[in-house]
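So the structure is just underneath, and the comments pick up after that.
The values are calculated or read from the model by the stated rules, or taken from the named source; none is laboratory data. A quick note: this is a predicted structure, and the numbers were derived from the prediction, not measured. Using ideal geometry, Cβ is built from the backbone for each residue, glycine included, and neighbour counts are taken over all protein chains shown.
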Amino acid sequence: MSISDWFFFVLTVLIGLASGSFANVCILRIPADLSIVFPASHCFSCGKALLYRDNIPLLSYVLLRAKCRWCAAPISPRYPLIEFLTCASFTGIYLKFGASLPILVYCLLALDLIIASGIDWDHLWIPRFLSTPGTVLGFVWATLVWFFEWPGEWIVSTPWDALLGAFVGGGVIYLVRLGANWYYNRYRNYSIYKENEEDRIETMGLGDVDLMLLIGMFIGWDLALLTIFLGSLFGSLFGLVTRFCGYKLIKIPFGPYLALGAYLCLLWGYDLIHWYFSGLFF
Ligand SMILES: [Zn+2]
């Protein structure tokens, strides 16, 4: 790598860490309807504000030995974990796309997906303003890329590819949702099912449909289908593993697995498709 490659690499890592810190704030504060700027970060146990030097991503967690400086209340390992995940996902995008225009767009998409996943994980809910404005922006962006012929390894580079992606991604997940809800209420939910709408159980929310509209707009119809496949696979595997370990989860959020699938598709989706079909028709 040249000096400028290294410079952008380090820059991506640092921005990734800072964005991970921001993602933590969003995941905690958005569902609680709190401002994400004010007040400054504070300890949840004693309420004292954090010092600037206790606010450094990853490093502060280690230096403070996972405890609050003031009251020694334990700090959850999910903060450094999300900081690390965000940083790693940004770095992966940089290594794939290089210092070009697509990296900005795809890092923002990754950050949005991480925040949506965190909230879905905690609350089984994906706020609409994390998916819908991004979906509109995705369409506008694809139109700009197409019209001005912006350079870069764009996965979706025309407005119709973007629309088709959103249509297929959102449509397929909507059908999956209808099927899953029907099956669950028809065959699994005997005791509660009393022909009443309000007794029906939602196995999958509309938040997942909104999320797939967003994902499809950015990665196109073929990778959107692969995302749904991978997301279902990861979600089922996670369900099996937790059940095997003795946990009985009533509900598993789908958002984090769709997000993971979308990220893998962003980086290696076409490699995966080529590898699969070359093995099949060789
Ligand atoms: Zn404290």
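Starting from residues that are in a loop (DSSP other than H, G, I, E, B) and of a type in the set (Ser, Thr, Tyr), keep the ones in the range 11-68 and report whichever is farthest from Ser117 (Cα to Cα). Selected residue: Ser45. Filtered by the rule that a residue be modelled with pLDDT under 95 and small (Gly, Ala, Ser), the range 84-108 gives Gly98, Ala99, Ser100.
Criterion applied to Pro39, Pro31 was being farther than 30 Å from Ala142 by Cβ, surrounded by fewer than 16 Cβ atoms within 10 Å (Cβ to Cβ) and either under 25 Å from the mean Cα position of the chain (by Cα) or away from the ligand (no atom under 16 Å from the Cβ) (or both), and the one residue passing it is Pro31.
Among the residues of the range 94-131, which ones are part of a loop (DSSP other than H, G, I, E, B) and in contact with a Leu (Cβ under 8 Å, 6 or more places away or on another chain)? The answer is Ile126, and nothing else.
Applying a threshold of 7 Å to beta carbon distances and a minimum spacing of six or more residues, or different chains, the list of pairs starting in the range 225-248 at a residue that is in contact (Cβ under 8 Å) with a residue 24 or more places away in the chain and ending at one that is surrounded by 10 or more Cβ atoms within 10 Å (Cβ to Cβ) and not in a helix (DSSP H, G or I) reads Gly231/Phe254.
Can you confirm whether the range 157-173 contains a residue that is in the same structural domain as Val136 (by TED's automatic domain parsing), at pLDDT below 95 and among the aromatic types (Phe, Trp, Tyr)? So far as the range 157-173 goes, no, none of its residues is in the same structural domain as Val136 (by TED's automatic domain parsing), at pLDDT below 95 and among the aromatic types (Phe, Trp, Tyr).
Per-residue answers, yes or no, for (1) under 30 Å from Met204 (Cβ atoms); (2) surrounded by fewer than 16 Cβ atoms within 10 Å (Cβ to Cβ); (3) among the hydrophobic types (A, V, I, L, M, F, W, C); (4) away from the ligand (no atom under 16 Å from the Cβ):
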residue: Pro77; (1), (2), (3), (4): yes, yes, no, yes
residue: Thr86; (1), (2), (3), (4): yes, no, no, yes
residue: Leu124; (1), (2), (3), (4): yes, no, yes, yes
residue: Val145; (1), (2), (3), (4): no, no, yes, yes
residue: Pro151; (1), (2), (3), (4): no, yes, no, yes
residue: Asp161; (1), (2), (3), (4): yes, no, no, yes
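Pairs under 6 Å by beta carbon, first residue at positive phi and not assigned by TED's automatic domain parsing to the domain that holds Val25 in the range 58-78, partner among the basic types (Lys, Arg) and within 15 Å of the ligand (Cβ to nearest atom), six or more apart or different chains? Cβ pairs passing all conditions: none. Check Leu233, Leu237 and return the single one that is assigned by TED's automatic domain parsing to the domain that holds Ser131, closer than 27 Å to Thr132 by Cα and at pLDDT 80 or above. It is Leu233. Condition first: in a helix (DSSP H, G or I) and of a type in the set (S, T, N, Q). Can you find one or more residues in the range 148-166 that meet it? Looking for residues that are in a helix (DSSP H, G or I) and of a type in the set (S, T, N, Q), one finds none in the range 148-166, hence no.
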